[in-house]
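Take a look at the structure set out below.
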Amino acid sequence: MSSGVTGLKSFEKVREDLNKVGKGFCLAKWNQVSILLQTGQTHSCHHPTPHHIPLDEIKNNPSALHNTKFKKAQRKTMLKGGRPAECDYCWNVEDSNTESFSDRIMKSGEAWAHPHLKDIKKMTGDEDVFPPYVEISFSNQCNMACAYCDVKSSSKWQHEIKTQGHYPTSGMYNNTEWLERDRSLPIPYSKPNPYRDAFWKWWPDLFPNLHTFRITGGEPLLHNDTFKVLDYIIDNPTVNPNIELCINSNLSVPNERWEEFVDKVKYITDNDLVCNFVLFTSIEAEGKQAEYIRDGLDSKLLWSRVNEFLTKCEKPEVTIMAAFNALSISSYHKVIQKIHKIKKIYGSSKRYRDYSIILDTSYIRHPEFLDFRILTPDWLERINELSRLMKDLGMHKYEHVDGYYEVGFFDFEREKVRRMTNMFTDNQHWLDKQRKDFVLFIDEYDKRRGKNFLETFPEMEVFYNSCKKLI
C-alpha cells in the first residue's frame with residue numbers, strides 16, 4: 001500500500017504540484033467522501049457543509065452518493081484554477097499566511113490521495129470516480145444521547161427533541177426546525193431508505209478501490225449494515241486485503257452484538273483480510289462524570305471491553321476519541337493514566353502498528369456552552385497540569401515479555417493536550433453568554449434525564465453558582 005507524504009519539505013512539494021493545476025486544486029474533492037445515508041447528504045472533506053444528494057441522480061447511478069452534479073461543478077472549478085466558496089476554511093488559512101499548510105495540502109498528501117495526483121489533474125471534472133477514502137453513516141440509530149451530540153447522529157436525541165422540544169438556551173440547542181425546512185431530518189432507521197439501497201448497489205464496485213473505509217454513527221454496532229460489511233470481507237477475502245477498516249462504537253451495546261463483533265474482527269485480522277483495523281470509541285471523563293456527559297454510557301463496561309478487545313484481537317488498535325469539554329477537566333487525568341496503563345499492557349510487535357491504543361484529544365467547539373474556555377482561570381490552570389502529565393508519560397523504555405520497547409504517549413498525542421494551554425479567551429461578552437447558556441442547559445438536562453449536576457460534579461459548585469447569577 002502506498003504511503004502518504006511526511007515532512008515539511010515534502011508538503012511544500014505537494015503545494016507546488018497542486019498550485020501548478022490551480023491554487024484551489026484539492027485531491028480530497030475526488031478521493032474523500034463522508035456520506036450521511038440517514039439524511040441523504042454528502043461532502044468531500046469535513047469542512048464544506050454537506051449537500052443533498054438528488055434522488056434522481058442515484059436512481060441509475062449509485063456512485064452519485066459521491067459524484068453529485070454539485071460536486072462535479074466544484075471539481076471543474078478547481079481544475080480551471082478557481083477556489084470553490086464552500087472550501088473557504090482552507091482559503092482563510094492560506095490567505096492569512098501563504099507559507100502555512102492548509103488541509104487542502106495536508107489531505108492531498110495522504111496515502112489515499114497523493115498517488116492519484118497525476119491521473120486526477122488530467123481529468124475534466126465530469127468523471128464518476130471511486131473515492132479511496134469513504135466514511136459512511138448508515139443511520140442515526142443510537143442507544144445514547146451525549147450532551148454534545150445532535151439529532152443527525154442520535155435517534156435518542158431525535159426522539160427527545162420531537163417529544164420535548166429544543167433546550168432553552170439562547171441558540172435553542174438542538175432545535176430541529178431548520179432541519180425540517182432543509183429536508184434534513186434523519187430517515188428513521190426502521191424505515192426504507194433509498195440512499196442506503198443505493199450504497200449497497202454501489203458497494204461491490206466500490207470495495208475493490210478502497211484504501212480506507214470508516215463506519216460512523218449513530219452506534220454502528222446496532223446497525224445490521226455494519227455486520228454486512230464484516231461478512232462481505234470474510235466472504236471475499238482476496239478482493240481487497242489492503243483496505244484499512246475503521247469502526248466507531250460506544251462499547252455499550254448488548255452482549256450478543258459485542259461478542260459477534262469481536263469474533264468477526266478477530267477472524268478478519270487473524271487472517272489478514274485487511275491491512276489494518278482500528279476500533280474508535282469515546283470517553284473524556286471518569287466514572288459517573290463520564291456517564292453524565294455521555295448519557296447512556298456504562299464506563300466500567302467500556303474499559304472492560306477495551307481490554308477484552310485488545311486481549312482477544314492481537315493485531316488491531318483502539319483509538320480513544322476524547323471530546324474534551326468543560327466537564328472533562330476535573331477527571332481527565334484519570335483517563336490519561338488509564339490509557340497509559342493500557343499502552344504498557346497491550347503494546348506488542350504483533351499489532352499492525354506496534355502500539356495498542358491512542359488518545360486523540362479533540363476539544364468541543366459546539367455547543368459553545370460546553371467549550372472548556374468558559375471556565376474560570378482557577379479551572380483552566382488544570383490544563384497545564386494535564387499537559388505536564390502527558391509529558392511525564394511520554395515515551396520511555398519498558399521491559400515486556402517479548403523484549404524491551406518504548407511505550408508512552410506520542411508527540412502528537414501530547415500536543416493535542418498542550419495546544420489547549422494557549423487557547424484561553426478574555427472576551428467577556430462571549431464568556432457571559434456561554435456561561436448563562438451553560439447553566440440553562442445543565443438545569444434542563446438534569447430535569448429531562450433525571451440527573452443531578454451538583455451531586456456528580458460537587459467540585460464545580462462555585463462555578464455553577466457564578467453562572468446561575470447571570471440569569
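One table, with the values for the structure above:
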| read-out | value |
| --- | --- |
| Residue list for segment 165-198, filter: aliphatic (A, V, I, L, M) and touching a helix residue (DSSP H, G or I) at 6+ places or on another chain (Cβ under 9 Å) | LEU185, ILE187, ALA198 |
| Tally of residues being aliphatic (A, V, I, L, M) and closer than 18 Å to LYS156 by Cβ across segment 184-202 | 2 |
| Cross-chain or 6+ apart pairs with Cβ under 8 Å, segment 436-453 first and in the same structural domain as TYR292 (by TED's automatic domain parsing) and without any contact (Cβ under 8 Å) to a residue 40 or more places away in the chain, then surrounded by fewer than 16 Cβ atoms within 10 Å (Cβ to Cβ) and in a helix (DSSP H, G or I) | VAL439/LYS468 |
| All positions within segment 362-387 that are part of a helix (DSSP H, G or I) and out of contact with any helix residue (DSSP H, G or I) (no Cβ under 6 Å at 6 or more places or on another chain) | LEU370, PHE372, ARG373, PRO377, ASP378, TRP379, LEU380, GLU381, ARG382, GLU385 |
| Scan of segment 280-323 for residues that are aliphatic (A, V, I, L, M) and within 19 Å of LYS416 (Cβ to Cβ), ordered by number | ILE283, ALA285, ALA290, ILE293, VAL318, ILE320, MET321, ALA322, ALA323 |
| Any hit, segment 280-288, residues being farther than 30 Å from ASN452 by Cβ and outside any loop (DSSP other than H, G, I, E, B) | yes |
| Members of segment 307-347 found to be part of a helix (DSSP H, G or I) and farther than 24 Å from SER387 by Cβ, listed by number | ASN307, GLU308, PHE309, LEU310, THR311, LYS312, ILE345, TYR346 |
| The lone exception for MET172 - which of (1) buried (at least 17 other Cβ atoms within 10 Å of the Cβ); (2) of a type outside the set (Val, Ile, Thr); (3) on the phi > 0 side of the Ramachandran plot it fails | (1) |
| Count - residues of segment 426-457 that are polar (S, T, N, Q) and within 16 Å of PRO168 (Cβ to Cβ) | 1 |
| Residue count for segment 408-447, restricted to those that are more than 25 Å from the chain's Cα centre (by Cα) and either among the polar types (S, T, N, Q) or surrounded by 14 or more Cβ atoms within 10 Å (Cβ to Cβ) (or both) | 14 |
| Residue within segment 417-435 that is hydroxyl-bearing (Ser, Thr, Tyr), under 30 Å from SER349 (Cα atoms) and not in a helix (DSSP H, G or I) present | no |
| Residue within segment 455-467 that is acidic (Asp, Glu), touching a Pro at 6+ places or on another chain (Cβ under 7 Å), more than 18 Å from PHE372 (Cβ to Cβ) and assigned to a helix (DSSP H, G or I) present | no |
| Residues of segment 43-63 that turn out to be in contact with a helix residue (DSSP H, G or I) (Cβ under 6 Å, 6 or more places away or on another chain) and free of Cβ contacts under 8 Å to residues at least 60 places away in the same chain, as a count | 4 |
| Breaking point among (1) at pLDDT below 90; (2) surrounded by fewer than 18 Cβ atoms within 10 Å (Cβ to Cβ), for GLU455 | (1) |
| Residue list for segment 370-419, filter: among the hydroxyl-bearing types (Ser, Thr, Tyr) and at pLDDT below 80 | TYR398, TYR404, TYR405 |
| Any chance LEU359 is surrounded by 17 or more Cβ atoms within 10 Å (Cβ to Cβ) and part of a strand (DSSP E or B) | yes |
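Residue-by-condition table, conditions (1) loosely packed, with under 15 Cβ neighbours inside 10 Å; (2) part of a loop (DSSP other than H, G, I, E, B); (3) assigned by TED's automatic domain parsing to the domain that holds TYR352; (4) under 19 Å from the mean Cα position of the chain (by Cα):
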residue	(1), (2), (3), (4)
THR226	no, no, yes, yes
ASN240	no, yes, yes, no
ILE247	no, no, yes, yes
SER252	no, yes, yes, yes
GLU259	yes, no, yes, no
LYS264	no, no, yes, no
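The values are calculated or read from the model by the stated rules, or taken from the named source; none is laboratory data. Keep in mind the model is a prediction, meaning the values are calculated, not measured. Reconstructed Cβ throughout: ideal geometry from the backbone, glycine too, with neighbour counts over all protein chains shown.
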